[in-house]
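J.: Below you'll find the structure I mean.
The values are calculated or read from the model by the stated rules, or taken from the named source; none is laboratory data. Computed from a predicted model, the values in this text were never measured in an experiment. Cβ atoms come from the backbone with ideal geometry, glycine included; neighbour counts cover every protein chain shown.
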Ligand code: MEV
């Protein structure tokens, strides 16, 4: 039986600004989602839309995920990309990205498509202009540590909150997005050079702007504070904010103490490897 898998993702820089065409950096992670023939269960909206687009009458696809939908790892985009690849195994990354982005936006309503790019391309990506530019960043293995807050974020509601803020205070929010863009561009260089100290500092700057935008939460702040105290190079929320996960960067010597700090602060450490391969036919 054929199976297709696609990776989950973590946003490293540029969330929210990416919705307005600014650049962001995303990494695909080794937690994967699998699509195969079978009876669909649960939320089938993305599978149904993929079958409607590229399937034939009677195609039945089911999905299984190695990660919880609560983490914010991008299960909707992973399932859409994996289903499209199942239906057209020869489809290239750009074709998969374009069609999956169209589907995810039609079902979900809002978003930049960066998560779809991570599922289709894999690796660590510089994503700009809603996907007009999708370029791999060749980084050494990323010493990333992930802490789950215990609560799921409502991405669409958070995007709408920021939209309202931007309408009410266009100059203030525009300046925040411009600053996030600069940080993201600098982070691209620092990541490529494996300059973790600098990447960490840039994560902290990015987090200040996200806090300012009002998308952080008490639990995210608690975990971020704890890992910085424990010696991480830097930390920030990852994704829409409000809950989901935070990411930290720390050297080998600090990994255990940083992970312990997450647990002591009430978070859950999630072990992942960054820079995982994109969608692929497994068998
Ligand atoms: C959500 O994971 C990240 C946002 O920037 C939305 C998006 O880019 O699709 C808030």
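J.: Which of the residues spanning the stretch 228-283 are in a loop (DSSP other than H, G, I, E, B) and more than 25 Å from residue 100 (Cα to Cα)?
T.: Residues of the stretch 228-283 that are in a loop (DSSP other than H, G, I, E, B), as a first pass: 230-233, 239-244, 250-251, 265-267, 271-273, 275-276, 278-279, 282-283.
Listed by number, the residues that qualify are 230, 231, 232, 233, 242, 243, 250, 251, 265, 266, 267, 271.
J.: Another question, if that's okay. When you scan the stretch 90-107, do you find a residue that is surrounded by 22 or more Cβ atoms within 10 Å (Cβ to Cβ), more than 16 Å from the ligand (Cβ to nearest atom) and closer than 17 Å to residue 25 by Cα, even just one?
T.: No, every residue in the stretch 90-107 fails to be surrounded by 22 or more Cβ atoms within 10 Å (Cβ to Cβ), more than 16 Å from the ligand (Cβ to nearest atom) and closer than 17 Å to residue 25 by Cα.
J.: Identify all residues within the stretch 128-147 that are farther than 30 Å from residue 223 by Cα and away from the ligand (no atom under 14 Å from the Cβ); write none if there are none.
T.: Within the stretch 128-147, 132, 133, 135 meet the criteria.
J.: Another question about this same structure. Taking the stretch 197-211 as the search range and keeping residues that are surrounded by fewer than 21 Cβ atoms within 10 Å (Cβ to Cβ) and more than 15 Å from the ligand (Cβ to nearest atom), which one is farthest from residue 15 (Cα to Cα)?
T.: 197
J.: So for the stretch 215-225 (the condition being at negative phi, crowded, with 23+ Cβ neighbours inside 10 Å, touching a helix residue (DSSP H, G or I) at 6+ places or on another chain (Cβ under 7 Å) and at pLDDT 95 or above), does at least one residue qualify? Explain how you work it out, then say what you get.
T.: First pass over the stretch 215-225, keeping only residues at negative phi: 215-225.
Keeping just the survivors that are crowded, with 23+ Cβ neighbours inside 10 Å gives 220, 223-224.
Imposing the further condition that a residue be touching a helix residue (DSSP H, G or I) at 6+ places or on another chain (Cβ under 7 Å) reduces the set to 223-224.
Within this subset, residues satisfying the condition of being at pLDDT 95 or above are 223-224.
Yes; the residues of the stretch 215-225 include at least one that is at negative phi, crowded, with 23+ Cβ neighbours inside 10 Å, touching a helix residue (DSSP H, G or I) at 6+ places or on another chain (Cβ under 7 Å) and at pLDDT 95 or above.
J.: Identify, from the list 158, 125, the residue that is over 13 Å from the mean Cα position of the chain (by Cα), within 13 Å of the ligand (Cβ to nearest atom) and either surrounded by fewer than 16 Cβ atoms within 10 Å (Cβ to Cβ) or within 23 Å of residue 234 (Cβ to Cβ) (or both).
T.: Numbers: 125 fails: over 13 Å from the mean Cα position of the chain (by Cα).
None of the other options fit; the residue is 158.
J.: Select from the stretch 161-171 the residues that are in a helix (DSSP H, G or I) and loosely packed, with under 13 Cβ neighbours inside 10 Å and write down the one among them that is farthest from the ligand (Cβ to nearest atom).
T.: First, the residues of the stretch 161-171 that are in a helix (DSSP H, G or I): 161-168, 170-171.
From the residues that got through so far, the ones that are loosely packed, with under 13 Cβ neighbours inside 10 Å too are 164, 167-168, 170-171.
Working: 164: 14, 167: 16, 168: 18, 170: 18, 171: 21 Å.
Residue satisfying both the conditions and the ranking: 171.
J.: When you go through 206, 212 one by one, which is the residue that is in contact (Cβ under 8 Å) with a residue 40 or more places away in the chain and assigned to a helix (DSSP H, G or I)?
T.: Values: 212 fails: in contact (Cβ under 8 Å) with a residue 40 or more places away in the chain.
One residue alone meets the criteria, 206.
J.: Of all residues in the stretch 226-256, which are more than 25 Å from residue 154 (Cβ to Cβ) and surrounded by 16 or more Cβ atoms within 10 Å (Cβ to Cβ)? Lay out the reasoning, then the answer.
T.: Kept after step one, since they are more than 25 Å from residue 154 (Cβ to Cβ), are these residues of the stretch 226-256: 228-234, 249-256.
Result: 228, 230, 232, 233, 234, 249, 250, 254, 255.
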